[in-house]
1. Using Cβ counts within 10 Å as a stand-in for footprinting exposure, how do 255, 99 rank, fewest first?
2. Can you give the angle from 0 to 90° between the axis of helix 7-23 and the longest principal axis of the chain, with both taken from C-alpha atoms, to the nearest 10?
3. Specify the angular offset, from 0 to 90 degrees and rounded to the nearest 10, of the alpha carbon long axis of helix 348-357 from the longest principal axis of the alpha carbons in the chain.
4. Quick one: among 340, 203, 91, which has the greatest mean-square fluctuation in a GNM of the chain with alpha-carbon springs under 10 angstrom?
5. Rounded, prolate or oblate, given the Cα gyration tensor of region 122-227, with a/c below 1.5 counting as rounded?
6. Quick one: length gained pulling residue 287 to residue 310 fully straight, 0.36 nm per residue minus the C-alpha distance?
7. For the chain, state the semi-axes of the equivalent ellipsoid (square roots of 5 times the eigenvalues of the alpha-carbon gyration tensor), sorted largest first and rounded to whole angstrom.
8. Any idea how far the Cα center of region 1-40 sits from the one of region 130-162, in Å?
């Protein structure tokens with residue numbers, strides 16, 4: 001098996017690393033986190049250097065890229081500036097949905113803006129009574145003449161207060177099968193009747209998460225994305241890729257925490273010697289390194305499978321489950337090695353600890369990943 005990156009990938013990642021060290025140093029990321037501010041300047045730098053256009057067609061100002069390349073980019077972003085990795089990963093699904101199912105006018109309007117530095121399109125799925133159970137959606141879209149009238153509420157809608165659009169999921173209650181009654185709309189966040197409130201949360205302080213109220217919002221008929229009542233299938237078409245790319249960002253965060261812990265273990269002296277000479281610290285460092293290697297291998301494998309048209313129905317769920325959980329464990333061990341320093345707000349390990357924990361919830365909880373992978377694995381061995 002050839003584990004080497006292509007020459008193009010190596011050049012791309014070296015360029016990205018240099019850009020992040022210059023435009024998104026740790027001091028800036030820490031400051032933005034403390035102030036709960038979106039990383040506008042680094043985000044624009046990514047756009048100006050072509051990184052936000054990766055995976056978007058040339059017709060819309062982007063550069064075609066395979067899933068593995070986007071995975072490597074997300075991992076690098078996660079290592080040097082985790083909020084950028086999150087934002088980049090969140091945009092993968094909405095970009096691909098619009099490019100795959102949107103009208104030509106929608107593609108021109110939205111995708112070109114993202115390449116130039118617009119925030120990604122937010123994804124509006126979860127509701128107060130419909131989280132993992134998407135069939136419980138209550139948001140409705142009713143066609144009145146040439147306009148859709150939409151009413152409902154969304155929750156945990158990340159970056160919706162800074163995005164120009166929300167890719168909004170609705171459901172027709174008159175269709176018995178709830179999954180066949182879902183539709184997808186491109187909702188401008190400045191449309192009359194849209195109200196967005198940021199929600200306080202444990203982590204992701206630079207990546208706002210909001211509740212969205214939609215009261216008698218009128219949209220033109222062509223605001224529908226794809227086919228009416230086919231929204232669920234459209235959404236699922238690219239969920240697997242989003243989960244892998246977001247998982248890659250978590251690997252980057254784990255690598256950053258691991259390096260901090262290893263450096264600290266070599267420098268911190270207790271009982272007359274560096275703590276890295278103690279067997280318990282060596283055990284933690286070794287286990288952390290093993291987890292990082294395993295996470296990378298599994299992530300790259302699933303990305304490679306996607307690029308080669310292979311099914312990944314249970315593989316992507318297993319990867320998301322294992323990677324997000326293992327990344328958090330690595331960061332938690334880093335905090336333990338660093339002791340009180342790792343728990344202080346002045347050090348990035350505490351921020352990574354806060355930020356990565358939610359990755360076991362967002363994009364599909366651990367429990368949902370088990371629910372996806374388990375039946376598929378059992379089916380494989382059914383007689």
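Each reported figure results from applying straightforward, stated rules to the coordinates on display, with no laboratory input. Predicted, not measured: the structure shown is a model, and the values here were computed from it. Every residue, glycine as well, gets a Cβ built from its backbone with ideal geometry; the counts of neighbours run over all protein chains shown.
1. 99, 255
2. 80 degrees
3. Tilt of helix 348-357: around 40 degrees.
4. Among 340, 203, 91, the largest GNM mean-square fluctuation belongs to 340.
5. Oblate, because a/c is 1.5 or more while a/b does not exceed b/c.
6. 5.2 nm
7. 36, 23, 21
8. 34 Å
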